[in-house]
Amino acid sequence: ICVSSQVGCNMGCAFCASGLTKKKRNLTSGEMVAQFMNVQRELDKTGERLSHIVVMGTGEPFDNYDNVMNFLETLNHDRGMGIGARHITISTCGIVPKIREFADAHTQYNLAISLHAPNNELRDQLMPVNHAYPLEELMDALKEYSEKNNRRLTFEYILLKGVNDSKAHAKQLARLLRGYNAYVNLIPYNSVDENAFRSVSREEAMVFYDLLMKEGIRCTIRKEHGTDIDAACGQLRIKELKKRGETE
Ligand code: SF4
């Protein structure tokens, strides 16, 4: 399951529906455990067990570092939920000091980076966090994390039609990641009414994928679920809030 770490988010990524509402507060580790337990309770009816957790829902996990780390420890602990650390992924938009702190924590959790642009000019436009921590600083911190923990990094890259999906972008991305133990997750965008971003077609995503693979960068195209009922990443919450007139 995908767990949220905050109510709203202050990071302001231009394409993100979850971040349209500003951060109201951090979630406690208990509230994050409750997200897990509620889903597991539903699955109990069919005898299924939750096995993989990503902290990629609403919020920036590293802006709520202590609570998120407590939550992950509860998930991982054998007197907690007993989920293997390598089945747990934490995702950040690039808060450099916290990446360094995470590197020093020496956990076995997976780290994913929401990258979405291969150069500072474009990343500045899409993700305000890049003004504070530009790509050079981010990539340095990630190198430190990799060296200290010997772990592969996952880079999330949402394909936005006509914005970050050209051949030149694919080549820049390959250049940026060369030398890293990196894996790119290409994500088709889930359109929402609140902005003008649109997704690429499957064929266009394949062209980008092929270019990266040719450059020696391992990647996959994520299969999306729930778009047809507005329940994919970020969509459902914004629809609910609009119904209640609470989008500010
Ligand atoms: S993509 Fe993540 S960090 Fe950026 S605004 Fe959305 S929830 Fe926040």
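Computed from the coordinates by the stated procedures, all read-outs in this text should not be read as laboratory data. Owing to the predicted nature of the structure, the values given are computational and were not obtained by experimental measurement. Positions of Cβ are generated from backbone atoms using ideal geometry, with glycine treated the same way; all protein chains shown enter the neighbour counts.
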Please get the size of the charge dipole for the range 6-244, origin at its Cα centre, with Cβ charges of +1 on Lys and Arg and -1 on Asp and Glu, quoted in debye to the nearest 20.
260 debye
Just want to confirm a number: the relative contact order over the range 43-171, from Cα pairs under 8 angstrom separated by 6+ residues, in percent.
23 percent
Once Lys and Arg are counted +1 and Asp and Glu -1 for all other residues with Cβ under 13 Å from that of R100, the total becomes -3
Return the distance in nm (one decimal) between the two label points of a simple spin-label model at M206 and N70, each offset 7 Å from Cα along Cα→Cβ.
4.9 nm
Sort Y65, Y183 so that the residue with the fewest other Cβ atoms within 10 Å of its own Cβ comes first and the one with the most comes last.
Y183, Y65
Return the sequence-ordered ³J(HN,Hα) values of the range 110-126 in whole Hz as given by the Karplus equation 6.51 cos²θ - 1.76 cosθ + 1.60 applied to θ = phi - 60°, using x for Gly and Pro.
7, 10, 10, 10, 7, 9, 6, 8, x, 9, 5, 4, 6, 5, 4, 6, 8
Within-15-Å neighbourhood charge of N38 [Cβ basis; K, R +1; D, E -1]
-1
Return the long-range amide H neighbours of T21 (sequence gap of 5 or more, or a different chain), with a cut-off of under 5 Å between placed amide H atoms.
C9
For the range 2-66, listing GluC sites (Glu not before Pro) in a DSSP loop whose Cβ sees at most 14 other Cβ atoms within 10 Å gives E48
Under 21 Å Cα-Cα from K223, which lysines qualify once same-chain neighbours fewer than 8 residues away are excluded?
K161
DSSP beta bridges in the chain, what fraction antiparallel, as a percent rounded to 5?
10 percent
Taking 0.36 nm per residue of sequence separation and subtracting the Cα-Cα distance, how much length would be gained by fully extending the chain between H106 and K214, in nm to one decimal?
35.6 nm
3J(HN,Hα) from dihedral phi, the range 52-62, Karplus parametrisation 6.51/-1.76/1.60, rounded to Hz, x for glycine, proline
10, 10, 10, 9, 9, x, 5, x, 9, x, 7
Suppose a student asked you for the relative contact order of the chain, using Cα pairs under 8 Å spaced at least 6 residues apart; what percent would you report?
17 percent
Can you list the residues, at least 5 places off or on another chain, whose amide H is less than 5 Å from the amide H of L159, using H built in the peptide plane?
I187, Y189
Output the relative contact order of the range 95-213, whole-number percent, from Cα pairs under 8 angstrom with separation of 6+ residues.
28 percent
Pick out, from L138, L115, A205, the residue whose Cα sits farthest towards the positive end of the charge dipole of the chain, with +1 on the Cβ of Lys and Arg and -1 on the Cβ of Asp and Glu.
A205
Most positive-pole-ward Cα, M81, G8, L43, against dipole of the range 6-244 from beta carbon charges
L43
Check V184: other-chain or 5+ apart residues with amide H under 5 Å from its amide H, H built from backbone geometry?
F155, R218, C219, T220
Karplus 3J(HN,Hα) series, Hz, for the range 64-75 with 6.51 cos²θ - 1.76 cosθ + 1.60 (x for Gly, Pro):
9, 4, 5, 5, 5, 5, 4, 4, 5, 5, 5, 4
Taking K22 as the anchor, which lysines have their alpha carbon closer than 24 Å to its alpha carbon, excluding any fewer than eight residues away along the same chain?
K98, K239, K242, K243
